[in-house]
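Asks: Sharing a structure below in structure tokens format, with a few things to ask.
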Amino acid sequence: AKGDGRSNYRYFSPEMNANMLERIQLEQRLRRAVLQKEFCLNYQPIVTLNDHSVIGVEALIRWQDPKFGLIPPDQFIPLAEETGLIEPIGEWVLEQALIDLHSWHNKGYMINMAVNVSGRQLINGNQISFNRLISKLLKKYGIDAKYLHIEITESMLMEDREQCLHALEAIRDHGMDIYIDDFGTGYSSLSYLKSFPISVIKIDKSFVDNMLECQSDANLIKAIIMMGKSLELKLVAEGIETEEQLAFLHSLGCDFGQGYLISRPLPSYELTNLLIQRLTP
Ligand code: C2E
Ligand code: CA
Ligand code: CA
Ligand code: CA
């Protein structure tokens, strides 16, 4: 009884109250944002490391709040996942990404589109609706499934192996490529990776950041690349910011890269301009 009183007191401390209030307000604003479609997508080019040609883009969501301005995904995707709002948000992302991809394909730029997908969109009975949604949208915009790539984080794979495996197999059967995002941060093993139908590993930015100064990060990247190649997977390095980083990754046999050195994530019209400059259809 006394113990309860004390924990209640802590629970309702002013600081805690402020945090809860903030969270509730954020959730309310996010609900409104979903209804009013206050989101937009930026696109970051993914290029080959040998001749820097653009093979695709990664779609990255931004939230344009009327009062607070541009809110980055790290500040609302976790809340969206907790509250289930990630499902309507994820649907919006897929459709908008395919609308833009359709317009680039129409102009003759046959690039790929990589979309980030949260676990919540795939598992707990959502798997069937996710695959239906994909079929419907690919048909609606006349896009071949081979151009749509799905990015799943390594940590998500480790959370719920069985459900993930089924969901990913369905995606793969559809003809889409699956990328493992943020690879190297989740400590998954070679045999674990082998059991999933994936085609691409994305090496996490944190290793790229330090690989030229830190021998153990360099060794880790070498090991990931060797492992990926032995499993016949393609490799993408994220967060490339310098020529030196790009040259080093290229020398190790990494296939693709993305990062501020090549281009920041861009609004669709700026990405169109970049394609016009860099690719002759
Ligand atoms: P991520 O999928 O690992 O995306 C890469 C992040 O690194 C992006 O941050 C990108 O802007 C940033 N980045 C790329 N190159 C560089 C570089 O050279 N230097 C630096 N410092 N940063 C670079 P962003 O756009 O803020 O996205 C953060 C995370 O939010 C993403 O990480 C992803 O996990 C999540 N996210 C973004 N869009 C979506 C979405 O549509 N759905 C879901 N479920 N998650 C999303
Ligand atoms: Ca990603
Ligand atoms: Ca990543
Ligand atoms: Ca990340």
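Asks: Considering only region 235-269, state which residues are of a type in the set (D, E, K, R) and within 14 Å of ligand 1 (Cβ to nearest atom).
Replies: Residues satisfying the conditions are Glu238, Glu241, Glu243, Glu244, Arg264.
Asks: Additional query: If you check Arg132 against the conditions, is it surrounded by 15 or more Cβ atoms within 10 Å (Cβ to Cβ) and not small (Gly, Ala, Ser)?
Replies: It is false that Arg132 is surrounded by 15 or more Cβ atoms within 10 Å (Cβ to Cβ) and not small (Gly, Ala, Ser).
Asks: Looking only at region 97-142, how many residues end up being within 18 Å of Cys40 (Cβ to Cβ), part of a helix (DSSP H, G or I) and among the β-branched types (Val, Ile, Thr)?
Replies: Of the residues in that region, 1 qualify.
Asks: Restricting attention to region 82-122, which residues are at positive phi and either open to solvent by less than 20 Å² (accessible area, probe 1.4 Å) or of a type in the set (D, E, K, R) (or both)?
Replies: Once the filter is applied, which keeps residues that are at positive phi and either open to solvent by less than 20 Å² (accessible area, probe 1.4 Å) or of a type in the set (D, E, K, R) (or both), region 82-122 yields only Gly84.
Asks: Right, another one. Can you tell me which of Ile150, Ile198 is within 16 Å of ligand 4 (Cβ to nearest atom) and of a type outside the set (Gly, Ala, Ser)?
Replies: Just one listed residue meets the conditions, Ile150.
Asks: Write out, first by first residue and then by second, each pair whose Cβ atoms fall under 7 Å of each other, whose residues are 6+ apart or on separate chains, and whose first residue, in region 135-161, is under 14 Å from His105 (Cα atoms) while the second is in a loop (DSSP other than H, G, I, E, B) and away from ligand 2 (no atom under 16 Å from the Cβ).
Replies: Ala145/His174; Ala145/Gly175; Lys146/Gly175
Asks: Which members of region 227-250 meet the condition of being buried (at least 21 other Cβ atoms within 10 Å of the Cβ) and in contact with a Gly (Cβ under 8 Å, 6 or more places away or on another chain)?
Replies: Within region 227-250, Leu235, Val236, Ala237, Glu238, Ile240, Leu246, Leu249 qualify.
Asks: Something else now. I need the full set of residues from region 162-180 which are under 17 Å from Leu133 (Cα atoms), touching a residue at least 12 places away in the same chain (Cβ under 8 Å) and part of a helix (DSSP H, G or I), in order please.
Replies: Those that are under 17 Å from Leu133 (Cα atoms), touching a residue at least 12 places away in the same chain (Cβ under 8 Å) and part of a helix (DSSP H, G or I): His166, Ala167, Leu168, Glu169, Ala170, Ile171, Arg172.
Asks: Follow-up. List pairs: first residue in region 201-213 and farther than 11 Å from Ile240 by Cα, second residue within 12 Å of ligand 4 (Cβ to nearest atom) and open to solvent by 20 Å² or more (accessible area, probe 1.4 Å) anywhere in the structure, Cβ distance under 7 angstrom, at least six positions apart or on different chains.
Replies: Filtered contacts from region 201-213: Lys202/Asp182; Lys202/Glu238.
Asks: Would you confirm, using the coordinates I've provided, whether Leu60 is under 26 Å from Ser129 (Cα atoms), outside any helix (DSSP H, G or I) and open to solvent by 10 Å² or more (accessible area, probe 1.4 Å)? Reasoning before the result, please.
Replies: Working: under 26 Å from Ser129 (Cα atoms): yes; outside any helix (DSSP H, G or I): yes; open to solvent by 10 Å² or more (accessible area, probe 1.4 Å): yes.
So Leu60 passes the test.
Here's the yes/no breakdown for (1) within 15 Å of ligand 3 (Cβ to nearest atom); (2) open to solvent by 20 Å² or more (accessible area, probe 1.4 Å):
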| position | (1), (2) |
| --- | --- |
| Ile178 | yes, no |
| Ser189 | no, yes |
| Tyr192 | no, yes |
| Phe196 | no, no |
| Lys205 | yes, yes |
| Asp209 | yes, yes |
| Gln215 | no, yes |
| Ala218 | no, no |
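Asks: Only one of these is touching a Ser or Thr at 6+ places or on another chain (Cβ under 6 Å) and in contact (Cβ under 8 Å) with a residue 12 or more places away in the chain: Ile86, Ile111. Name it. Break it down stepwise before answering.
Replies: Values: Ile111 fails: touching a Ser or Thr at 6+ places or on another chain (Cβ under 6 Å).
So the residue among Ile86, Ile111 that is touching a Ser or Thr at 6+ places or on another chain (Cβ under 6 Å) and in contact (Cβ under 8 Å) with a residue 12 or more places away in the chain is Ile86.
Asks: Within region 235-262, which residues are assigned to a loop (DSSP other than H, G, I, E, B) and either more than 13 Å from Met211 (Cα to Cα) or among the polar types (S, T, N, Q) (or both)?
Replies: Thr242, Gly253, Cys254, Asp255, Gln258, Gly259, Tyr260, Leu261, Ile262
Asks: Can you run down the residue pairs with Cβ atoms below 6 Å, 6 or more apart or on separate chains, where the first is in region 258-273 and closer than 19 Å to Asn112 by Cβ and open to solvent by less than 40 Å² (accessible area, probe 1.4 Å) and the partner is among the acidic types (Asp, Glu) and assigned to a loop (DSSP other than H, G, I, E, B)?
Replies: That search, which allows pairs on different chains as well, returns Gln258/Glu238; Gly259/Glu241.
The values are calculated or read from the model by the stated rules, or taken from the named source; none is laboratory data. Since the model is a prediction, treat every value here as computed from it, not as a measurement. A quick note on method: Cβ atoms are made from the backbone with ideal geometry, for glycine too, and the neighbour counts reach across all protein chains shown. The protein model used for the area step is the full one, side chains on, heavy atoms only, and it has no ligands, DNA or RNA in it. Shrake-Rupley method; radii C 1.70, N 1.55, O 1.52, S 1.80 Å.
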